[in-house]
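Below is one structure, written out as structure tokens, with a few remarks after it.
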Amino acid sequence: MAPTGNNTEARIWNHLKGWILNDYGVAALMGNLYAESGLNPRNLQNSYEKRLSYTDDTYTAAVDSGAYSGFVRDAAGYGLAQWTYWSRKEALLAYVKAAGASVGDLEAQLDFLRKELAESYPSILAALKSAKSVREASDVILTKYERPADQSENVKIKRAGYGQTYLSKYAGGSSAGKEGETMRQKFVSTAASYIGCKEADGTHRQIIDIYNGHKPLARGYAMKYTDAWCATFVSAMAIKCGLTDIIPTECGCGQMIQLFQKLGAWQENDAHVPQPGDVIFYDWDNSGVGDNTGWPDHVGIVESVNGSDIKVIEGNMSDAVGRRTLKVNGRYIRGYGVPKFKGGSSSSAGTGTPAPAPSAGGSLAFRVGDVVQFTGSTHYANANAASGPACKPGKAKVTAISKNSKHPYHLIAVSGSGSTVYGWVDASTVQAIAGGAISVGDTVQFAGGPHYTSANAASSSSSPKAGLAKVTAISKGAKHPYHVVHTNGQSSVYGWVDADRVTK
């Protein structure tokens, strides 16, 4: 079955959906494939490029032509799933040859993936077809199919997060009329992917880190790992999904209610029947008589409503992320924050491969991850703030986009650029940097600093000096989007680097 779609992501989604038939399973598989290869069917394991003296394209061409005969036994990961073990690479090579295709052909690899799962991993395929969540399916793929050396909780959460991005983007279509519901589901699903994080093993710290990494901090307070973190969890999920324009960030429940009230998104009546994605607040001191109007003690995210039963995902529930079930108009319900998802949702930030977000006046010119020239003098705490503090112009990186907002770009200044921007800014103050876009094959100036073995690696392998380098690959939306190789003796850079490290 030839994959159809107007880009690689869409073609992969449509192909997988045709035989997995379950959005959760498709999204989870795509999230893992993205983590392995960036969805590049020609991807040669980065650590082997220098060792074998090949790039993705030259390796593929050499295998296809027969000039390189070591494909089966070289132990280098290759392709969408980074097939590595000799027998699996041998089977892949035999399959594409029989099909008369390149070893790096997208359709051939997807067809081989289907064959391999059906014949060699039928239990995994069954799990994909029956999965009830992205996290459930993603964990199966990670631990029983991909099986990387690191299968920690952090890796599980990260890969499921990639899957959630694809679920939000492609499940049920992508029409504008469904966009609000898609973002609502993304918010809920992202929260669900953190269930099990707890203080006992320190996995809750990543939630605190997401919150503290979003500036400016509410009331200027940086959360400690020992603080109560229920409101912080809700805020972190909004940050993770790029929804801070409609879900205010706070570490205190009462203060978060006040912010929802300012947005005109507060429902005081605790008899309200919520929707998934609504933010529910509790007051444990409620007497049970009349409507609850006390100071809130706890908060969570509504996951589902079935009749009169509400299922909620909560952070800091017995020192962990967990679920609670209660009744509509239950005794302790204080009220609800009701985010305006339709017409006010925003694009995702830092997960997967974000696309440009259109605005009411046309298409926004830049993507998450782009390095731009900020020319303004004001940045804002949220995408629709009425006023904000002054800041200095200069080079900055786009870290989030909120379409249809007053200040649609979230920027963080590039170190050493002279800028102090760290917040949401007007589209008119964001411009392309002189020199134009960078493409594969361009010779660029590497500014020095860390290079990485993969486009989303958490830690660097070393920090080579500045010098001229050639761009050999680009992974849009990744943490370190440019793969560069030095062209002279000035630098030894050979790996993935941050966008602010290269200029034409």
Problem - Pairwise centroid distance, computed over Cα atoms, of the stretch 28-93 with the stretch 479-504, Å - result: 22 Å
Completion exercise
Across the alpha-carbon set of the chain, Rg over Rh with Rh taken as the Kirkwood radius works out to 0.98
Handout entry: Label-point separation in nm, Asn269 to Lys144, each point 7 Å along Cα→Cβ
Key = 4.7 nm
Completion exercise
Summing +1 per Lys or Arg and -1 per Asp or Glu among the other residues with Cβ less than 12 Å from Ile20's Cβ gives +2
Problem - Mean separation of Cα contacts under 8 Å, 6 or more apart, over the residue count of the stretch 390-504: relative contact order % - result: 20 percent
Completion exercise
For Lys406, the aspartates and glutamates lying under 16 Å Cα to Cα, once residues fewer than eight places off in the same chain are dropped, come out as Asp245, Asp426
Exercise for the section: From largest accessible area down, sort Lys198, Lys144, Lys169; use a 1.4 Å probe on the protein chains. Expected result: Lys144, Lys198, Lys169
Practice task
Along Cα→Cβ, 7 Å out, is where each label goes; now give me the distance between the ones at Lys262 and Asn14 in nm to one decimal.
Solution key: 4.5 nm
Handout entry: Å² per residue, accessible surface of the chain at 1.4 Å
Key = 41 Å²
Practice task
Let me know the charge dipole size of the chain about its Cα centre in debye, to the nearest 20, where only the beta-carbon of Lys, Arg (+1) and Asp, Glu (-1) is charged.
Solution key: 620 debye
Handout entry: Computed FRET value (nearest 0.05) for Ser304 with Ala466, which takes r as the C-beta separation and R₀ as 51 Å
Key = 0.45
Handout entry: Contact order normalised by residue count of the chain, Cα under 8 Å, 6+ apart, percent
Key = 10 percent
Practice task
Using only protein heavy atoms and a 1.4 Å probe, report how much of Lys215 is accessible, in Å² to the nearest 10.
Solution key: 70 Å²
Problem - Structure-based [θ]222 nm, the chain - -39500 (n - 2.57) summed over DSSP H runs of at least 4, per residue, nearest 500 - result: -9500 deg cm²/dmol
Handout entry: Spacing of the two label points (7 Å from each Cα toward its C-beta) at Asp319 and Asn7, in nm
Key = 4.4 nm
Fill in the blank from the handout: With a 20 Å threshold on alpha-carbon distance, the violating pairs from Lys158/Lys465; Lys395/Lys504; Lys224/Lys392; Lys215/Lys240; Lys17/Lys132; Lys89/Lys144 are Lys158/Lys465; Lys224/Lys392
Handout entry: Carbon and sulfur %, accessible surface of the chain computed with the full protein complex present, 1.4 Å
Key = 50 percent
Exercise for the section: Quick one: accessible surface of Tyr494, probe radius 1.4 Å, all protein chains present, in square angstrom to the nearest 10. Expected result: 50 Å²
Exercise for the section: Any chance you could look up the accessible area of Tyr34 with a 1.4 Å probe, heavy atoms only, rounded to 10 Å²? Expected result: 10 Å²
Handout entry: Calculated FRET efficiency for the pair Asp209/Arg73, C-beta based, R₀ 41 Å, to 0.05
Key = 0.50
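The values are calculated or read from the model by the stated rules, or taken from the named source; none is laboratory data. Fair warning: this is a prediction, and the values are worked out from it, not measured in the lab. So basically every Cβ, Gly included, is an ideal-geometry build from the backbone, and we count neighbours across all protein chains shown. Accessible surface areas use protein heavy atoms only, side chains included; no ligands, DNA or RNA. Shrake-Rupley method; radii C 1.70, N 1.55, O 1.52, S 1.80 Å.
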